[in-house]
Every structure is written in C-alpha cells, then in structure tokens.
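A.B. asks: Please see the structure below; I have some questions.
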Amino acid sequence: MTLSNINKLSSKGLNILFVIPARKGSQRLIGKNYKTIQGKSLLELKIDNCRKSCLGNIVVTSDCPIILEQAKKYKVDFIRKRPKSLTGDGPSTPIVYDAVRFYERKSKSKTDIVILSQLTTPFIFHNDFRDSLNIFIKFIKKYKSLIACKEIDNNISWNIYEDIKGNSFKLSEKINRELKNFLVDKKIYIPNGGIYMFHRNHLNKKGSLYLSPTKIFKMTKHQSIDIDYEEDLKLAKIIGEEILSV
C-alpha cells in the first residue's frame with residue numbers, strides 16, 4: 001500500500017502492528033519489567049490497551065524467559081524470542097526491525113504502520129493509540145513518524161551540569177544568551193516512550209526511530225510516566241489506584 005493510498009484511508013484496511021519490547025534485566029530498577037500495578041503486570045496492561053484499540057496485531061519481542069511466558073499466558077499470537085545478536089542492552093531499531101520481519105514471515109503479510117510502545121509506560125491507553133494514529137494518517141504525507149511526548153521546562157539555564165570527573169558547572173553567559181534567543185516562542189518536548197509510530201517503508205535495520213520530520217503527539221506528565229526508577233513505580237501505583245480502578 002502506497003503513502004498516497006494510505007492518505008485517503010482511515011485506520012480501517014491498514015495492516016497495523018504493535019511492537020512491545022522487553023529485554024532481560026534492567027540497570028536502574030531491578031526487575032522493572034515484572035512489576036505490577038493494580039494487580040496487573042506491566043505486560044498485561046500494555047497488551048490490554050493495544051487490544052482494546054482494535055487497530056492491529058501485537059508482537060512481543062524479548063530475550064527474557066519470564067516475559068515470553070507471560071506473553072503466552074496472555075495469548076499473544078506473535079511472540080519473538082530474540083536471536084542472540086539482539087540480547088541484552090542495545091539500540092531499539094534492530095530489535096523493532098527484527099520483530100516486524102518476524103511478524104511478516106509468520107503472518108505472510110506486509111505491515112503498513114508500526115506502533116512501538118514501551119512496556120514501562122502503563123498509562124498509554126487504547127484511545128491514545130487511536131487518536132495518535134488518526135493524526136498520523138491525516139499528516140502522513142508531511143511527517144515520517146509520530147512520537148508521543150511530554151512538555152518539559154525550557155529554562156535550561158537553571159540546570160547544573162557534571163562531567164565524567166565529577167566537576168560541576170553552569171552554562172556560560174554566552175551559551176545562555178544563545179539558548180534564550182533560540183528558545184523564544186518555543187516549547188520543549190521529550191519522548192515518553194509510549195508511542196513511536198512510523199510507516200513500514202521507513203523502517204531500516206540500522207536507521208533511527210526518530211524519523212524526521214516527526215509529528216509530536218502531546219501527552220500530560222501523568223500519562224507520560226515511564227517506570228525507570230523506584231520513585232516512578234511508586235507514583236505509578238498511586239495514579240493507578242485512581243484511574244485503573246474506575
């Protein structure tokens with residue numbers, strides 16, 4: 001299906017694939033991929049919302065036996081046990097590329113749009129996937145990708161930096177002035193890890209998931225929680241009590 005044809009369509013008729021990656025081990029929060037919120041594992045929450053969006057199939061890709069078993073338990077049709085070359089900590093693009101190719105071999109079909117969603121973003125809901133996809137399709141001729149982001153403070157001059165030797169410093173007045181001039185009438189956003197969306201034709205084994213130009217899908221800080229540290233998990237549990245029990 002060509003880009004021009006996709007531009008005329010809604011999500012109906014497109015072969016859309018969710019890719020949920022989960023590697024073994026974690027550096028900052030041990031066992032973070034096995035954590036639970038409101039009695040559900042992070043993988044179960046992610047699979048539930050992908051399924052409720054009714055957009056497409058799901059592939060779980062992992063080098064972790066626990067995650068692979070959980071995926072079987074939740075009846076995921078496409079489960080990719082990563083080859084040894086993709087185990088451990090590494091760049092995301094080869095992992096996503098491998099997962100898409102695996103799905104296409106197994107399903108004997110060609111993917112149109114790929115949606116990558118990190119396991120550790122529990123508050124990306126099914127309506128977020130649908131809303132972001134509608135925006136992506138609307139602007140698909142203009143943008144190569146769509147990335148869910150949260151806004152951050154643009155006053156970088158407040159930051160204190162530290163080099164590898166432990167020396168701390170602030171930005172020079174010259175750099176501060178240049179940054180302030182650059183940031184006039186601008187906002188700063190960072191990806192929240194919950195939605196990376198791009199057309200299959202733009203996915204290369206050694207390319208980037210930050211395909212430029214990209215469309216920003218703006219989300220709140222609560223929606224954008226990415227569980228990477230213990231305090232992230234504690235906050236997610238508190239928020240989960242409010243919104244997941246409704």
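The values are calculated or read from the model by the stated rules, or taken from the named source; none is laboratory data. Fair warning: this is a prediction, and the values are worked out from it, not measured in the lab. Positions of Cβ are backbone-derived with ideal geometry, glycine not excepted, and every protein chain shown enters the neighbour counts. Remember, those area values only see protein heavy atoms, side chains included, never the ligands or the DNA or RNA. Shrake-Rupley method; radii C 1.70, N 1.55, O 1.52, S 1.80 Å.
A.B. asks: Could you tell me the accessible area of Arg105 in Å² (1.4 Å probe, neighbours in place), rounded to the nearest ten?
C.D. replies: Using a 1.4 Å probe on the heavy atoms, I get roughly 130 Å².
A.B. asks: Can you list the chymotrypsin sites (Phe, Trp or Tyr not before Pro) in region 190-233 that are in a DSSP coil and have 15 or fewer other beta carbons within 10 angstrom?
C.D. replies: Tyr210, Tyr229
A.B. asks: Indicate the gyration tensor shape class of region 29-149 (rounded, prolate or oblate), computed on the Cα atoms with a ≥ b ≥ c the square roots of the eigenvalues: a/c under 1.5 is rounded; otherwise a/b larger than b/c is prolate and the rest oblate.
C.D. replies: Oblate.
A.B. asks: Which of the trypsin sites (Lys or Arg not before Pro) across region 41-79 are loop residues per DSSP, with 11 or fewer other Cβ within 10 Å?
C.D. replies: Lys75
A.B. asks: With axes computed from alpha carbons, what is the tilt in degrees of helix 126-138 against the longest principal axis of the chain, rounded to the nearest 10 within 0 to 90?
C.D. replies: The answer is roughly 80 degrees.
A.B. asks: Let me ask another. Using a cut-off of under 16 Å, list every residue of region 109-144 whose amide N is near the label point 7 Å from the Cα of Ser208 along the Cα-to-beta-carbon line.
C.D. replies: Answer for region 109-144: 143-144.
A.B. asks: Further question: Taking 7 Å along the Cα-to-C-beta vector as the label spot, tell me the Ser109-Lys221 distance in nanometres, rounded to one decimal.
C.D. replies: 4.1
A.B. asks: Kindly provide the pair-distance distribution of the chain built from C-alpha pairs, with 10 Å bins from 0 and whole-percent values in order of increasing distance.
C.D. replies: With a bin width of 10 Å, the distribution comes to 7, 28, 34, 21, 9, 1.
A.B. asks: Follow-up question, since we're still on this one. Relative to the longest principal Cα axis of the chain, at what angle does helix 92-107 sit, 0 to 90 degrees, rounded to 10?
C.D. replies: Around 10 degrees separate the two axes.
A.B. asks: If you stretched the chain out fully between Asn176 and Arg101, how much longer would it get, using 0.36 nm times the residue separation minus the C-alpha to C-alpha distance?
C.D. replies: 22.4 nm
A.B. asks: Here is a further query. In degrees, nearest 10, range 0 to 90: what is the angle between the Cα axis of helix 230-243 and the longest Cα principal axis of the chain?
C.D. replies: 60
A.B. asks: Provide the solvent-accessible area of Val96, counting protein heavy atoms only and rolling a 1.4 Å probe, rounded to the nearest 10 Å².
C.D. replies: Val96 has an accessible surface of roughly 0 Å² with all protein chains in place.
A.B. asks: Give me the one-decimal nm value for the distance between modelled label points at Gln38 and Tyr161, 7 Å along each residue's Cα-to-Cβ direction.
C.D. replies: 4.2
A.B. asks: Moving on to the next point. With +1 on the Cβ of every Lys and Arg and -1 on the Cβ of every Asp and Glu, and nothing else charged, how large is the dipole of the chain about its Cα centre, in debye rounded to the nearest 20?
C.D. replies: 1100
A.B. asks: Sticking with this one: Out of Phe129, Phe169, Phe18, any idea which swings most in a Gaussian network model of the chain, alpha carbons joined below 10 Å?
C.D. replies: Phe169
A.B. asks: Rounded to the nearest 500 deg cm²/dmol, what is the calculated helix-only ellipticity per residue at 222 nm for the chain, with -39500 (n - 2.57) per DSSP H run of length n ≥ 4?
C.D. replies: Rounded to the nearest 500, the figure is -10000 deg cm²/dmol.
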